[in-house]
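Below is one structure, written out as structure tokens; the observations come after it.
Every number in this text was worked out from the coordinates using simple rules, so none of it is lab data. Note that the structure is predicted; figures quoted are calculated from it, not measured. Cβ sites come from the backbone with ideal geometry, for glycine too, and all protein chains shown count toward neighbours.
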Amino acid sequence: MNIKKVIVIGSGTMGSGIAAQLCNANIPVTLLDLKTEISAKAKKRIFESRPPLLIDKSKIDNIKVGNIDENFDTVTEADWIVEAVVERIDIKHNLYKKILKKRKKESIISSNTSTIPLKVLSAKMSNEDKKDFCITHFFNPVRYMGLLEIVSDKTNDTKKINFLKNFCEDSLGKGVIICKDTPGFLGNRVGVYAMQVAMTEAINMKLNIEEADAVFGRPMGIPKTGVFGLYDLIGIDLMADVLKSFLKELPESDVFHLVAQEIPLVKNLIETGYTGRKGKGGFYRINKKDGKKILEAINLSSRDYSPSKKVDLNIDEKVNLKELVSRNDKYGEYAWSVISKIILYASSLVPSVTEDYNNIDEAMRLGFNWAKGPFEMLEELGVKFFVEKDDQLKINEFIKNLYNKKSETFYGKRQVYTNLETFGKVKQLAKTNKDNKSAFTYEHKNYKIVEFKTKANTLDYDSMDALNKASDKNMIIINEGMQFSAGVNLNYVMDFAKEKNWKAIEKFIHYFQMTCKQLKYSNNLVVSAPSGLALGGGFEVLVQSDYVVSHTNIVTGLVETLVGLIPAGGGTTNMLWRWMLDQESKRDPDFAPQKVFDIIGYGKTASSPIEAMPFKFLLEKDKSIMNRNKLLSFSQDLINEKKNGYKPPKKPTFKLSGSQVRDKMFQTLEKLFKENKILEHGLEVGKKLAFVLSGGNTTIDKELSEDDMYALELEAFIQLIQMEKTQARIKHTLSTGKPLVN
């Protein structure tokens, strides 16, 4: 069989997200709801969504809309029917009855439920129909969250379940884990428990919410939203419903009951409309004071709001769980209490919920964006350390067996849910160099792999050093983090700026330039395989690689002007050269400088490879992949295909008109300034960018080398970093995550 047409019934958040991802895979979808106007509004929401659910807006043409009364006959044409309606079993049963009368015999039917067991959903189906019915639990937002849990049992046609798994892996780019029919399946069973432990322990230990979120966040390898921030993001009322479902489905002996009881503060927040970001606020809220927006946090005891305060745990940004749980303060005590309970709970689910503990870790990675799952945490801490740290710890059979066997390195293979040769699997086999704190280097087969390892994979001198040293062989630049690289480490740069050590900054940026140049002109192939953010300096690595194999969920571009700088790692120069090769540049020598001035000046970004092509962030030779797990194998194939007879590119020369094109750029800047679209420093940054892109003090009859252009980039960068207004922009962005207009 094949899946050529899909019907999604229910156009809410999840139904819309599933439909959008099918669109991205070029699968025609019909989206049905009670009324056509409802599904039409959902289609409009998909088109306008931010962050975008579509990898290209033209994909919206793959969606047709309708209603379940007048357009239900479309079910007869569907190869896969996805039910994503409200979580009421009576409504679902009535819908299945209609579907089973209309559907073609070989079609697959699935529910996107996250709470109702498969046996309850299929209770009124015949044994024959049960073979084709399963749960496909996508995570929100569907485009960006990698996890898909397929829930099946012994009544299912195994071949069809495996076919659906392969389709969702290959076409939809999902990490598909087959789950047993147990409450919450894998991801939510452990993820929601972890959230509840983090919340209840914070209340019990009298931590404020900023403290809890600071610990239950990046130090644990968990997204920075923490627990209270995540509650607000998901919706406090929705979380309350999820907990009620768990309490209903799980036996009273399950320790989930200890952390899932109703909390008076939560009840009060819901009753007063404080349901999270979608409501008036939640544990955090935005308040206006003196015309300014202020983030406020609730006091867990008094229930009063006050300005949120950043908590400095005074720890290295690299995750070190043993150091964290060994701290002799309330933060260490909280971290240990939370982590130990999560590990104990997750391990208690083996083998009743899953035979492969590995799958729990992967569910937490793919569904909750954790850097490490509970069992990876256990191995990092050490089984002996874990068991002996606290004599009050009630260990279960799984932990007891590991302890008795003295199994300190018990983990075994990673990512057993897929047959693909993933980066995670290769890391276990490759020879690894971890001497560099900012990037690890792996030697595998006939090439090297470089993985950035800093916070958001920002780049510093050591990052460049790892790339430089690895360029003696064919190289793949890839990582398992959420981001490929968010750019140059601005904290690293600002540490020098505070000391007015401009020479150190100049040395770093020059080394950045020379390293990227080494990647570009070495006798070995360089393939970058990004996922997530590839911005600023991260993009400068991409643009000087031979090939880019990108995940469809990339955000890329040069955004340095937003912090009062210009791209100086070769990004300005290489983007200029790409546009100079455009046909229009042969007719107009000022076309390319003005085009790149517009792209870099506005800090334009693309949120997919398709969007990146018109900017020339990516080229026709580059590849894009729906499934992130395939990035490494595609990169390997590209190296094997291109390595024989490989020659580095020829070095470009630039003919630019100097003041002629610069005057045009200045006119644009003056117009924007008069219209208050940019302020004084925006004007200054724009002028520096214009000076570089025009070739400085040159004329159209002179030739400039790539090194000449690099020198202009570097000079402008150093001039700008010394300006107080640039430093103010950087400080503001580092503290708020938002640009400062000055």
_Rounded to the nearest 20 debye, what is the charge dipole size of region 623-667 about its Cα centre when +1 sits on each Lys and Arg Cβ and -1 on each Asp and Glu Cβ?_
120 debye
*Would you list which aspartates and glutamates come within 18 Å of residue 280, measuring only between C-alpha atoms, while excluding same-chain residues fewer than 8 positions from it?*
232, 237, 271, 296, 304
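Among 448/630; 322/406; 604/647; 498/725, which pairs are too far apart, with a Cα-Cα distance over 20 Å?
Exceeds cut-off: 604/647.
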*Roughly how many debye, to the nearest 20, is the charge dipole of the chain about its Cα centre, given +1 on each Lys and Arg Cβ, -1 on each Asp and Glu Cβ, and no other charges?*
820 debye
*Segment residue 499-residue 162, extension gain: residue separation times 0.36 nm, minus the distance between their alpha carbons*: 115.3 nm
*Going by a ≥ b ≥ c, the root eigenvalues of the Cα gyration tensor, does region 208-352 fall in the rounded group (a/c under 1.5), the prolate group (a/b larger than b/c) or the oblate group?*
oblate
*Relative to the longest principal axis of the C-alpha atoms of the chain, give the angle of the C-alpha long axis of helix 13-24, reported between 0 and 90° and rounded to the nearest 10°.*
50 degrees
_Over 26 Å between Cα atoms: which of 174/425; 503/674; 431/455; 64/154 fall into that group?_
503/674; 64/154
*asked:* From the helices alone, meaning DSSP H stretches of at least four residues, give me the mean residue ellipticity at 222 nm for the chain, per-run term -39500 (n - 2.57), in deg cm²/dmol to the nearest 500.
replied: -13000 deg cm²/dmol
_Filtered GluC sites (Glu not before Pro), region 422-529: DSSP coil and at most 10 other beta carbons within 10 Å_ = 499
*So what's the angle, to the nearest 10 degrees on a 0 to 90 scale, between helix 502-521 and the longest Cα principal axis of the chain?*
80 degrees
_Taking 0.36 nm per residue of sequence separation and subtracting the Cα-Cα distance, how much length would be gained by fully extending the chain between residue 91 and residue 35, in nm to one decimal?_
18.6 nm
*asked:* Can you find, among 251, 574, 219, the residue sitting farthest towards the positive end of the charge dipole of the chain, where Lys and Arg contribute +1 and Asp and Glu -1 at Cβ?
replied: 574
*Could you state the number of Å between the C-alpha centres of region 163-222 and region 351-398?*
13 Å
*Kindly provide the trypsin sites (Lys or Arg not before Pro) of region 63-100 that DSSP labels as loop, not H, G, I, E or B, and whose Cβ sees at most 12 other Cβ atoms within 10 Å.*
88
*Out of 608, 353, 328, whose Cα points farthest toward the positive end of the dipole of the chain (charges: +1 Lys, Arg; -1 Asp, Glu; placed on Cβ)?*
608
*asked:* Within 11 Å, Cβ to Cβ, of residue 350, how many net charges do the neighbouring residues add up to if Lys/Arg are +1 and Asp/Glu are -1?
replied: -3
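Give a quick list of trypsin sites (Lys or Arg not before Pro) in region 149-181 that DSSP marks as loop, anything other than H, G, I, E or B, with at most 14 other Cβ atoms within 10 Å. Could you put the intermediate results ahead of the total?
Numbers: sites: 154, 159, 160, 165, 174, 180; in loops: 154, 174, 180.
Counting only loop positions with at most 14 other Cβ atoms within 10 Å, the trypsin sites (Lys or Arg not before Pro) in region 149-181 are 154.
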*Here are some pairs, 206/278; 453/664; 35/59; 43/165; 98/165; 5/35; which of them have Cα atoms lying more than 32 Å apart in this structure?*
453/664
_Place a point 7 Å from the Cα of residue 385 along the Cα-to-Cβ direction; which residues of region 217-233 have their backbone N under 11 Å from it?_
none
*asked:* How big is the dipole moment of region 6-179 about its Cα centre under a simple scheme where the beta carbon of each Lys and Arg is +1, that of each Asp and Glu is -1, and everything else is neutral? Debye, nearest 20, please.
replied: 160 debye
_Listed residues 266, 364, 545: farthest to the positive end of the dipole of the chain (Cβ charges)_ = 545
*Fraction of antiparallel bridges per DSSP, the chain only, in percent to nearest 5*: 40 percent
*Compute the separation of the alpha-carbon centres of region 574-638 and region 666-707 and state it in Å as a whole number.*
22 Å
*Local charge sum around residue 447 (other residues, Cβ-Cβ under 10 Å, Lys/Arg +1, Asp/Glu -1)?*
+3
*asked:* If each residue of separation counts as 0.36 nm, what is the full-extension length gain between residue 521 and residue 602 once their alpha-carbon separation is subtracted?
replied: 26.2 nm
*Lys and Arg at +1, Asp and Glu at -1: add these up for the other residues within a Cβ distance under 10 Å of residue 4 and post the number.*
-1
